[in-house]
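Single-structure report; data block below.
Every number in this text was worked out from the coordinates using simple rules, so none of it is lab data. Computed from a predicted model, the values in this text were never measured in an experiment. Here the Cβ is made from the backbone with ideal geometry for all residues, glycine too, and neighbour counts use every protein chain on show.
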Amino acid sequence: MKNNLGREIFDQMKAFASSDAFEQEKRRLINTKTTEGSVVFLKNIEETFKYVGLKNGMTISFHHHLRNGDKVINFVCDAIKKEGFKDITIAASSLFPNNGPLVELIKDQTITGIVTNYINGPIANAVGMGDLKKPLIMDTHGGRARAIESGDLKIDVAFIATPAVDKEGNGSGKFGPSACGTLGYAIQDLMYAKKVVLISDYMTDNIIEPELSKHYVDAILMVDKIGDSEGIVSGTTKITRDPVGRKIARDTVKVLEALNLIKDGFSMQTGAGGISLAVVEYVKNIMISKNIKARFASGGITGQYVDMLENNLVDTLYDVQCFDLKAARSYRENRRHIAISASKYGNPFEDNPVVNDLDFVILGATEVDLDFNVNVTTDSLGQIMGGSGGHADTAHGAKVTIIVTNLLKARLPIIKEKVTCVTTPGEDIDIVVTERGIAINPLRTDLIETLSKTKLPILTMKELMNIAHDIAGIPSNYEMSKEPIGYVRYRDGSIIDTLYKIK
Amino acid sequence: MKIGIAGSLESNDCLVTIKDSDVLSIKVQSIVDAFYHDQIVELIQTVLEDVNMAHVDVTVIDKGALNYTIKARLLTALHRMEASHA
């Protein structure tokens, strides 16, 4: 069976139609539950499993706010194996290389299912080799919130790594040795999981304004250490010094200026890639020189945005996840640095998710195709090495979505006839900026009209691809295996593409 | 034995090692093997023909170098091989 983008998908599943198809649907909500102050403190993980009634075949969830420094996922899974549980599905908002020990549990079928928004490292490789029994499901950040609240993703037990807890059972990311800032990706787990366990290494008095309210919490387990704070920092938070990257950033800013997007009261989001960070730096300089103030910035928040907040260049930061410790500190200290849940951030069924208010978003790509579809899920051989995260959510919400990418990466043309895997549909991608030229989506005649009056090098996507081929040669056709090992679920719950086993 | 080495294992570069040999042997190991292996081998053959070198053993470890880089590294490695003999 094929979906509207012509991608082969599993039979009997809801096929992707278009990025605004959800507007015809009603929001589905399962009941939240309340524990009304009956939080218990448990002694160890074995007792915790008994208390929450963990059984074979259940789905357990985790968040990724401690990123590559997280110790909770491995700790819980290790105990699950020791206790002899089988057939467990892991619903983690992301999985990183430090979760490598789970590979063994996938192979012995302790873990048989994974639902996540982003996955790289040893687990991604194992899943790519076909080691996971059930199909891997890859959501977007907003889509995961939708899946949880609708019951499409039923969570039996949420194990929430919590940097600080109080005696009442409230939890916060603001304090403690592993303070990671906001806990946006854990909020739907907290509200909708059948059982909720906070796992923490820091007890404090009375948390005021907790991100995790005791009313949803069943139990708390104190451990020695939930994470390494250095591992919390995202790997890609350095501004690019590469001249090619900087040219792409400069041209992107010219595009933003030509479209009059940098003006008083604007809003923006950028990824944490080196080129995006350079764009923010240039935008910041323009704001200072022209005395412009932004209304808000959103997303995974970096120290760069904290500087802008503290220098009064932006009114508010809407932060679903702190990318570095400076952001975590700012969130703790600054009232204008506001935590939002994954749902408030990008759930299509929220009344007004933050992404819908964005004037522009700057995103990366592993591949872009002639139809402007973007892949950030796999490499060109189909090996999983990432995932949407908020890519598809922000691309749909923002008024202008700009992809910044080198035309070639290590010889491989980034622009392909067809992407290996569709993460974000081309209808939501407006502009692609490369060092050799800028392509504008033919659907955006308004942008074409404005930008064609400038001196910017506007080309068609086909022309850009041909330039790449002139430089690198035409890549030979690579046939992926036909054996599906998972699928990419669009934010509305429809299936946008299939993931295949690696040859 | 004569040997010439040129290049590096940096991204977008390649490391070329050439030795004299009774028979022509070309080994290419590339991060873009799936897409450019044949084109790289063909390029090496063409360069070797151009300079009339039929009796060499060429090993290329490629990190996504473009053709002109591979050609330049190959020619330099050839010169170094000759120089090592002199």
Practice problem: Restricting attention to helices (runs of 4 or more DSSP H) lying wholly within the stretch A:184-275, give those where 2 or more residues are touching an Asp or Glu at 6+ places or on another chain (Cβ under 6 Å) and not hydroxyl-bearing (S, T, Y). | Solution: A:243-258
Self-check item: Filter result (crowded, with 24+ Cβ neighbours inside 10 Å and away from chain B (no Cβ under 14 Å)) within the stretch A:377-386
Solution: A:T377, A:I384
Quiz item: So, of the residues in the stretch A:275-330 that are without any contact (Cβ under 8 Å) to a residue 24 or more places away in the chain and of a type in the set (S, T, N, Q), which turns out to be surrounded by the most Cβ atoms within 10 Å (Cβ to Cβ)?
Solution: A:T316
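Please enumerate the residues belonging to the stretch A:119-159 that are among the aliphatic types (A, V, I, L, M), outside any strand (DSSP E or B), within 22 Å of A:V376 (Cα to Cα) and touching a residue at least 24 places away in the same chain (Cβ under 8 Å).
A:I123, A:A124, A:V127, A:M129, A:L132, A:A145, A:A147
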Self-check item: strands (runs of 3 or more DSSP E) fully within chain B counting 2 or more residues that are within 14 Å of chain A (Cβ to nearest Cβ)
Solution: B:25-30, B:56-62
Exercise. Return only the number of the condition from (1) among the aromatic types (F, W, Y); (2) touching a Phe, Trp or Tyr at 6+ places or on another chain (Cβ under 8 Å); (3) touching a residue at least 60 places away in the same chain (Cβ under 8 Å) that A:Y185 does not satisfy.
Key: (2)
Quiz item: Are any of the residues in the stretch A:352-365 in contact with a Leu (Cβ under 6 Å, 6 or more places away or on another chain) and not basic (K, R)?
Solution: yes
